Amino acid sequence: MIDLHSHILPELDDGSRSLGESLEMAQVAVQSGVAAMVATPHCMDDRTRDVRWAVLLLRDALEEAGIPLRLYMGMEIFGTSETAHLLQDRKLFTLNNSRYPLIEFSFRSSGREETRILESVIRAGYRPLVAHPERYGYLQEDLGLINEWKRMGCLFQINKGSLTGRFGAAPRRLGMDLVERGFATVVASDSHSPTVRTPWMKDVQNLLYRQVSPAAAEYLLLHNPRSIIKNENIPPAEPEWF
Ligand SMILES: [Fe+2]
């Protein structure tokens, strides 16, 4: 598996609190079948230097510890009206320097401002991968907006914790709907620690395998994440529209 969303870098955000904890997270990921991971600390303005150094440091530590996890550079970008410019100025990282930025939004909003932000990012030549859309109340309540974002060309990353029920009934329902209707592009861990919100992906792999299909598990956990980090084209989705 390839995990495109993780807070594995030490001391940069609310994720890993030390290099030791980052190595533990890497070990958990590898043991659950993850071969590669993109480090995606929360960012909204220029933190490229901090992120780059932290990735280099952790890569070295992984090699020294003999943990076979490939680590790529990325960010979980908090979307604002500045995001498109900052991406073009290389002040924000996409996922492994691809055309795909991982973008999150506030949990409390109407979704209208977010639509404008996504439009500006697309106009700038990027293809946004929206982080955990199933967790936003305004999308749970306005499925038409999901259609709209999909038609614009957005991709959707679903959290494993949403599908396993960690965030409650509404994210679980919408998360499963997005998977079953073909809206989901990627399922990722959004891991924050080795013990709580972990990078263990086996459970969600099994869940997708059994409750959806083996092909869906492969598509969401390996095929699409690989296309994204290789910056390959992802064809427009033809979901079962809401
Ligand atoms: Fe996250």
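Protein heavy-atom accessible surface, 1.4 Å probe, per residue over the stretch 2-229: 42 Å². Estimated from helices alone, the mean residue ellipticity of the chain at 222 nm is -12000 deg cm²/dmol (sum of -39500 (n - 2.57) over DSSP H runs with n ≥ 4, per residue). The slack between His223 and Glu180, meaning 0.36 nm per residue of separation minus the straight C-alpha distance, is 13.8 nm. For the stretch 1-96, the Cβ-based charge dipole about the Cα centre amounts to some 260 debye (Lys, Arg positive; Asp, Glu negative; other atoms uncharged). Taken about its Cα centre, the chain carries a charge dipole of about 340 debye when Lys and Arg each add +1 at the Cβ and Asp and Glu each add -1 at the Cβ. Rounded to whole numbers, the Karplus 3J(HN,Hα) couplings from phi for the stretch 10-23 are x, 6, 9, 7, 7, x, 3, 9, 7, 4, x, 5, 4, 5 Hz, using 6.51 cos²θ - 1.76 cosθ + 1.60 with θ = phi - 60°, and x at Gly and Pro. Size of the chain from its Cα atoms: along the principal axes, largest to smallest, the extents are 49, 44, 32 Å. Were the residues from Gln88 through Lys230 laid out at 0.36 nm apart, the gain over their Cα-Cα distance would be 49.2 nm. Full extension of the chain between Ser81 and Phe242 gives 55.2 nm of extra length, using 0.36 nm per residue less the Cα-Cα distance. Within the stretch 1-82, the ratio Rg/Rh, alpha carbon atoms throughout and Rh by Kirkwood, equals 0.97. Straight-line cross-link partners of Lys91 among the lysines, defined as a Cα under 23 Å from its Cα and at least 8 positions apart when in the same chain: Lys230. Size descriptor for the stretch 1-137, Kirkwood hydrodynamic radius: 15.4 Å (Cα pairs only, one decimal).
Between Gln31 and Asn96, the distance separating the two model label sites (each 7 Å from Cα on the Cα→Cβ line) works out to 2.5 nm.
The values are calculated or read from the model by the stated rules, or taken from the named source; none is laboratory data. Being a predicted model, the structure only gives us computed values, none of them experimental. Note: ideal-geometry Cβ built from the backbone for every residue, glycine included; neighbour counts use all protein chains shown. With ligands, DNA and RNA removed, areas are computed over all heavy atoms of the protein, side chains included. Shrake-Rupley method; radii C 1.70, N 1.55, O 1.52, S 1.80 Å.
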